[in-house]
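As structure tokens, the structure follows; a few thoughts come after it.
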Amino acid sequence: MTQAQKDGPTHKRRIGLYPGTFDPVTLGHLDIVKRAVKLVDHLVIGIATGVGKVPLFSLEERVAMWRHEAGPIAEGHATIEVIPFDKKLQVDFARELGASVIIRGLRAVSDFEYEFQMAAMNQRLNMDVETVVIMADPRYQAIASRLVKEIALLDGDVSAFTSPYIADLLIKRCKELAEH
């Protein structure tokens with residue numbers, strides 16, 4: 001018997017990166033993570049600062065949101081880690097993490113061209129990192145963080161679009177903004 005056989009099968013840990021601004025986390029985002037943990041051993045949810053965007057929640061608040069939401073999703077599947085990243089390309093962040101896969105969610109045909117271009121550019125930048133696109137569950141295809149924020153800012157009900165925890169945070173933030 002060889003030493004390798006004694007030691008058991010070797011398994012290279014597959015690391016995936018799910019990047020985004022997540023302002024706020026929606027049911028669509030949560031669904032993508034629930035499905036992504038079936039594909040990798042370790043999933044890093046990378047919270048971007050959002051170059052060119054003015055987020056409703058700070059980077060620290062968005063990290064905290066994901067840390068709260070990710071725990072139950074990971075149980076029995078991959079491990080999940082939430083890490084902020086700033087002013088770097090997704091593909092460079094993936095390389096730093098040792099990730100071989102970037103996970104992207106696709107809601108509608110209108111997202112396809114952007115995601116297609118992003119995947120092609122990432123491949124040109126680093127051929128060792130694959131982009132895996134997960135189609136949104138039909139129940140969540142219309143949900144966009146931008147629209148959820150708009151509904152909340154106009155005092156609408158966001159409970160159908162995000163978790164109760166995130167909905168509470170969103171409502172509180174919108175009330176704070178209305179008071180100023």
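Laid out as a table, the results:
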| read-out | value |
| --- | --- |
| Residue ID - surrounded by the fewest Cβ atoms within 10 Å (Cβ to Cβ), chosen from residues in region 65-78 that are without any contact (Cβ under 8 Å) to a residue 40 or more places away in the chain and outside any helix (DSSP H, G or I) | Gly76 |
| Positions within region 135-180 being among the acidic types (Asp, Glu) and either modelled with pLDDT under 90 or surrounded by 14 or more Cβ atoms within 10 Å (Cβ to Cβ) (or both), in sequence order | Asp137, Glu179 |
| Matching entry among Arg62, Arg95 (being within 13 Å of the chain's Cα centre (by Cα), in contact (Cβ under 8 Å) with a residue 12 or more places away in the chain and either in a helix (DSSP H, G or I) or surrounded by fewer than 17 Cβ atoms within 10 Å (Cβ to Cβ) (or both)) | Arg62 |
| Test result for Ile32, over 20 Å from Glu115 (Cβ atoms), in contact (Cβ under 8 Å) with a residue 12 or more places away in the chain and under 16 Å from the mean Cα position of the chain (by Cα) | no |
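The values are calculated or read from the model by the stated rules, or taken from the named source; none is laboratory data. On a predicted model such as this, the values are computed, not experimentally measured, just so you know. Reconstructed Cβ throughout: ideal geometry from the backbone, glycine too, with neighbour counts over all protein chains shown.
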